[in-house]
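Reading through the structure tokens given below for one structure.
Quick note: the coordinates plus some simple rules give every number you see, no bench work behind them. Nothing here was measured: the structure is a model prediction, and the numbers come from that model. Here the Cβ is made from the backbone with ideal geometry for all residues, glycine too, and neighbour counts use every protein chain on show.
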């Protein structure tokens, strides 16, 4: 196995791990938010302004999660492009294929 294939495999593995971890954590967060929303619907003593604050907090958390995913994907592309350029300078076909 040449250096290009090893590097490509490592980068793809890392991307796969990041995507799978992100998806798992997103699922947990979404389920927790749904459970919490159900709880708030049944909590009659909770003032509306408190419910709004909690919903705003959950929305901000989801936005932060989506921003993190976007930033991670952008950085992954930068790493893949860096190695592609490196291998092209070395005379190989580059990354990714």
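Some notes on this structure:
- (1) 2.02; (2) 1.67; (3) 1.77, with the label sought being that of the calculated Cα Rg over 2.2 N^0.38 Å: (2)
- Highest-MSF residue in the chain out of 43, 24, 80 [GNM, Cα springs under 10 Å]: 43
- Angle of helix 48-89 to the longest C-alpha principal axis of the chain, folded into 0 to 90 degrees and rounded to 10: 0°.
- Sorting 85, 65, 4 by the number of Cβ atoms found within 10 Å of their own Cβ, with the fewest placed first, yields 85, 65, 4.
- Applying 1/(1 + (r/R0)^6) with R0 = 22 Å to the Cβ-Cβ distance of residue 72 and residue 34 gives a FRET efficiency near 0.35.
- FRET efficiency, 1/(1 + (r/R0)^6) with R0 41 Å, evaluated for residue 89 and residue 57 via beta carbons: 0.30
- Remark: spin-label model distance residue 19-residue 2 equals 2.5 nm, labels positioned 7 Å along the Cα→Cβ axis.
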